[in-house]
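What follows is a short report on a single structure.
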Amino acid sequence: MKLVASPTSPFARKIRVILLEKGFAFDWHESIPWNPDTDVPLFNPLGKVPALVADDGRIWFDSPVIAEYLETLPANKVLIPTPSLRAVEVRQIEALADGTCEAAIAIFLEQKRESARQSPDWIARQEAKVAAGLEALAAQVGSREFVHDSGFSLGDIAIVCFLEWFDFRFK
C-alpha cells in the first residue's frame with residue numbers, strides 16, 4: 001500500500017495510526033496539496049489528502065472511506081465494531097471529531113489570508129462550531145478510558161488526531 005499524504009494533515013495522521021495499529025506495511029508518499037507542483041490530483045480528483053493506493057492498484061480517498069476500506073482487510077485489530085449499531089456509533093464519533101477539525105482548519109486557513117480579506121463573521125461561525133464540537137466530544141468521552149464501550153476504536157483515533165493538530169496549530 002502507498003499512503004499519499006501531507007505530514008501535517010490530521011486526517012492523514014488518522015490513517016497512519018490505523019495502518020500502524022493494524023500492522024499494515026505501507027509506503028509514505030509525501031505530497032502537499034497546497035504546493036503548485038503537487039501530484040495529489042492524480043490520486044484524488046478533489047485534490048485532498050489522504051489517499052491510499054491499495055496493493056491491487058485501487059485508489060481510496062477521504063479518510064472515513066480509507067478507514068472503512070482498511071477495516072475490510074484481515075488484521076488482528078478491529079477498530080470499527082461489527083454489530084451495525086455499534087459501528088454507526090463509532091462512525092458518528094469519528095464524524096464529530098472530523099467535523100470539529102474541519103471547522104478549526106477553516107479558521108486556520110482564513111487567518112492565513114491578508115487581514116483585510118479575512119471575514120470575522122466566518123471565523124466566529126467556525127469558532128462556534130469548534131467550541132460546540134469540543135463540548136460534545138468531552139461529553140461523549142466523559143471519564144471513560146475509551147470513547148466507545150467497544151474499547152479502543154476509530155473514534156479514539158479521530159479524536160486524538162484532531163486534538164494533536166489543534167494543539168499544534170492553536171497553542
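General remarks:
- Check on VAL141, farther than 13 Å from PRO10 by Cβ, in contact with a Gly (Cβ under 6 Å, 6 or more places away or on another chain) and either polar (S, T, N, Q) or open to solvent by less than 60 Å² (accessible area, probe 1.4 Å) (or both): no
- Some residue of the stretch 110-125 being buried (at least 19 other Cβ atoms within 10 Å of the Cβ) and either charged (D, E, K, R) or assigned to a helix (DSSP H, G or I) (or both): no
- Among the criteria (1) surrounded by fewer than 16 Cβ atoms within 10 Å (Cβ to Cβ); (2) farther than 26 Å from PHE168 by Cα; (3) in contact (Cβ under 8 Å) with a residue 12 or more places away in the chain; (4) charged (D, E, K, R), the one ASP56 does not fulfil is (3).
- Test: residue in the stretch 140-148 that is within 22 Å of ALA87 (Cα to Cα), of a type in the set (Lys, Arg) and not in a helix (DSSP H, G or I): yes
- When the residues of the stretch 72-107 are filtered to those that are farther than 24 Å from ALA136 by Cα and touching a residue at least 24 places away in the same chain (Cβ under 8 Å), the one that is surrounded by the most Cβ atoms within 10 Å (Cβ to Cβ) is ALA75.
- Scan of the stretch 1-52 for residues that are within 21 Å of GLU94 (Cβ to Cβ) and β-branched (Val, Ile, Thr), ordered by number: VAL4, THR8, ILE15, VAL17, ILE18, VAL49
The values are calculated or read from the model by the stated rules, or taken from the named source; none is laboratory data. Just so it is clear, the model here is predicted, and its values are computed rather than measured. All Cβ positions, glycine included, derive from the backbone under ideal geometry; neighbour counts span all protein chains shown. Each accessible area value is taken on the protein alone, full model and side chains, heavy atoms only, with ligands, DNA and RNA left out. Shrake-Rupley method; radii C 1.70, N 1.55, O 1.52, S 1.80 Å.
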